[in-house]
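The values are calculated or read from the model by the stated rules, or taken from the named source; none is laboratory data. Computed from a prediction, not measured in an experiment: that's the story for all the values here. Neighbour counts run over all protein chains shown; Cβ positions are idealised from the backbone, glycine included. Just the protein is used for accessible areas: all its heavy atoms, side chains included, with ligands, DNA and RNA removed. Shrake-Rupley method; radii C 1.70, N 1.55, O 1.52, S 1.80 Å.
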Amino acid sequence: PIVVNGVYPQVVGLAALRPNSHLVQYRIATIHIAAGNFPAAGDALKKAVALKPDYIDAQLAQIALEARQGNFEKGLAISRQVQKQYPKSPVGYVAEGDLLMQQKNPALAAKAYEHAFAIAKNQPLMLKLHASLTQAGRGKEANSRLVQWLKENPTDVPLRMYLAEVYLADGQTRSAIEQYEILL
């Protein structure tokens, strides 16, 4: 990015055109993030959320930025705020689970992913839930949940392949073969 006197011209132009737009503040933040100016990105994201308190994209960017800077408690606080704002969406719980996994706390991450999965049962959440349960020492339960998912979603080829690989890694060759045969 071109920098003139410590300022990015595109940022100045956007801000001058629409200083009270949450979308502009969000775009400014993304420019700062791309340039590695995290404090300025954080300021722009705060402005975006101040202008539109339920702007989920800015909140998720704040969570990611806080995690990137090692401010996990701030990131967790924002993710819990998102959970309150959007109780019927898994996004706040997924953000919390992801932060907890980054902190190497899979047991608590599994609880967050459980909440998310209860709201929206889907393949990516099943993978996150399986990984967190496995890392928390609950591999048998994780595999059982995955098997149940595949009973309910028998055409889910990627997760069936994943289960076969899990079985292979655990030395359960016969179970892996069964999964591969189903795939064939």
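The candidate values are (1) 143; (2) 124; (3) 240; the one derived from this structure for volume of the Cα convex hull per residue in Å³ carries the label (1). Multiplying the residue separation of A120 and Q85 by 0.36 nm and subtracting their alpha-carbon distance yields 11.0 nm.
Counting heavy atoms of the protein chains alone, V91 has an accessible area of about 40 Å² for a 1.4 Å probe. Compared with the direct C-alpha span, the chain from N71 to T30 gains 12.9 nm at full extension, assuming 0.36 nm per residue. Among the lysines of the range 49-112, pairs at least eight places apart or on separate chains and with Cα atoms under 24 Å apart come to 9.
The C-alpha atoms of the chain define a longest principal axis, and helix 72-85 lies at about 80 degrees to it. Estimated at the nearest 10 Å², the accessible area of Y167 is 30 Å² with a 1.4 Å probe.
Among A40, L133, Y93, flag the residue with its Cα farthest along the positive direction of the charge dipole of the range 28-179, charges on Cβ as +1 for Lys/Arg and -1 for Asp/Glu. Looking along the dipole axis, the top candidate is Y93. The residues of the chain expose on average 56 square angstrom of accessible surface per residue, using a 1.4 Å probe on protein heavy atoms.
All other residues whose Cβ lies under 14 angstrom from that of E181 are scored, Lys and Arg at +1 and Asp and Glu at -1, for a net of +1. Contact order for the chain, expressed relative to its length and based on alpha carbon pairs under 8 Å spaced 6+ residues apart, stands at 9 percent.
For a straight C-alpha distance cut-off of 17 angstrom, the lysines reachable from K151 (same-chain residues fewer than eight places away being disregarded) are K121, K140. Solvent-accessible area assigned to carbon and sulfur over the chain amounts to 57 percent, based on a 1.4 Å probe. So what does E181 come to for accessible area, using a 1.4 Å probe and Å² rounded to 10? Ignoring ligands and nucleic acids, E181 comes out at about 120 Å².
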